[in-house]
Amino acid sequence: MISLFENDLTPIVFDVPDATILYYPHFFSATKADELFVVLLEKIPWQQDNITVFGKSHPQPRLTALFGNEGKPYGYSNIVMHPHPWNPVLTYIKESIAAVCEENFTTVLLNQYRNGKDSNGWHADNEKELGRNPVIASVSFGAARVFNLQHNTDKNQKIKIILEHGSLLLMKGTTQHFWKHQIPKTTKKIEKRINLTFRSIK
């Protein structure tokens, strides 16, 4: 299955140490991105889990959902999620990404940022079940949001990307070992954003 891509699929490649980061600003056409955003918003069984930080539990500042193969759970930040089986729209997006990165993803974590108050703190996708040097494919629909990356030891190495509607961000190689990333809060009035991060559980 082939996506309705824009004409230019040449990625922006970031020249930074200890990472392989590629960004496709218009991976899906505007029309296709609009269509997928509506379907994801309406058809995904969104949930809000509690997250524990420094011994205190509070609602996670976004909605989430997990889909994947064979019922394999996925855990992060003391949350263990059990996946729903793949549905047609997520399979379509997964196969579209596979056409450019040749990765057979087993799992997708979905995040819905309802407004600028919803966020995702500094972290790396380095859970042991992802194996060594995982490939993380991040697709965004809806409102554009700032995505920050920072090197773990060289604090002068920073990247700021505006993740646009219909975009794809690929993080490969040693990125998750040496870099952290976040979606910060914003005081600006901002509409909903849906992000899908595809990964492979080993």
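Counted over segment 14-115 with a bin width of 10 Å, the fraction of Cα pairs per bin, in whole percents, is 12, 36, 36, 16, 1. Per-residue ellipticity at 222 nm, computed for the chain from helices alone with -39500 (n - 2.57) per DSSP H run of at least four residues, works out to -4500 deg cm²/dmol. For segment 92-202, the relative contact order is 45 percent, taking Cα pairs closer than 8 Å that sit 6 or more residues apart in sequence and dividing their mean separation by the residue count.
What number does segment 16-63 give for Rg over Rh if you use C-alpha atoms and the Kirkwood radius?
So for segment 16-63, dividing Rg by the Kirkwood Rh gives 1.18.
Note on the chain: with charges restricted to the Cβ of Lys and Arg (+1) and Asp and Glu (-1), its dipole about the Cα centre is near 800 debye.
So what's the net charge close to Glu129: Lys and Arg +1, Asp and Glu -1, counting the other residues with Cβ under 10 Å from its Cβ? Summing Lys and Arg as +1 and Asp and Glu as -1 gives +3.
Legend: residue pairs Lys56/Lys117; Lys32/Lys94; Lys56/Lys155; Lys128/Lys189, Cα-Cα distance threshold 26 Å; pairs beyond threshold, Lys56/Lys155; Lys128/Lys189. Loop-resident GluC sites (Glu not before Pro) (DSSP state other than H, G, I, E or B) in segment 69-121 with no more than 15 further Cβ atoms inside 10 Å of their Cβ: Glu70, Glu102. Rounded to the nearest 20, the Cβ-based charge dipole of segment 53-131 about its Cα centre (Lys and Arg +1, Asp and Glu -1) stands at 460 debye.
Once the dipole of the chain is set up with Lys and Arg at +1 and Asp and Glu at -1 on Cβ about the Cα centre, which of Ile97, Thr31, Pro184 lies farthest towards its positive end? Sorting the options by dipole projection puts first Pro184. Here the mean projected area of the convex hull built on the C-alpha positions of the chain is 11.2 nm². With contacts taken as Cα pairs under 8 Å at a separation of at least 6 residues, the chain carries a relative contact order of 28 percent.
Taking all protein chains as they are arranged and a probe of 1.4 Å, the heavy atoms of Arg193 leave approximately 0 Å² accessible to solvent.
Straight-distance candidates among the aspartates and glutamates for linking to Lys158, with alpha-carbon spacing under 20 Å and chain neighbours fewer than 8 residues away dropped: Asp15, Asp18, Asp125.
Determine the distance separating the Cα centre of segment 75-94 from the Cα centre of segment 108-172; give it in Å without decimals. Answer, in whole Å: 16.
The values are calculated or read from the model by the stated rules, or taken from the named source; none is laboratory data. Everything numeric here is computed off the predicted structure, so don't read it as measured data. For neighbour counting, all protein chains shown are included, and Cβ atoms are generated from backbone atoms with ideal geometry for every residue, glycine included. These accessible areas exclude ligands, DNA and RNA; they are computed on the full protein's heavy atoms, side chains included. Shrake-Rupley method; radii C 1.70, N 1.55, O 1.52, S 1.80 Å.
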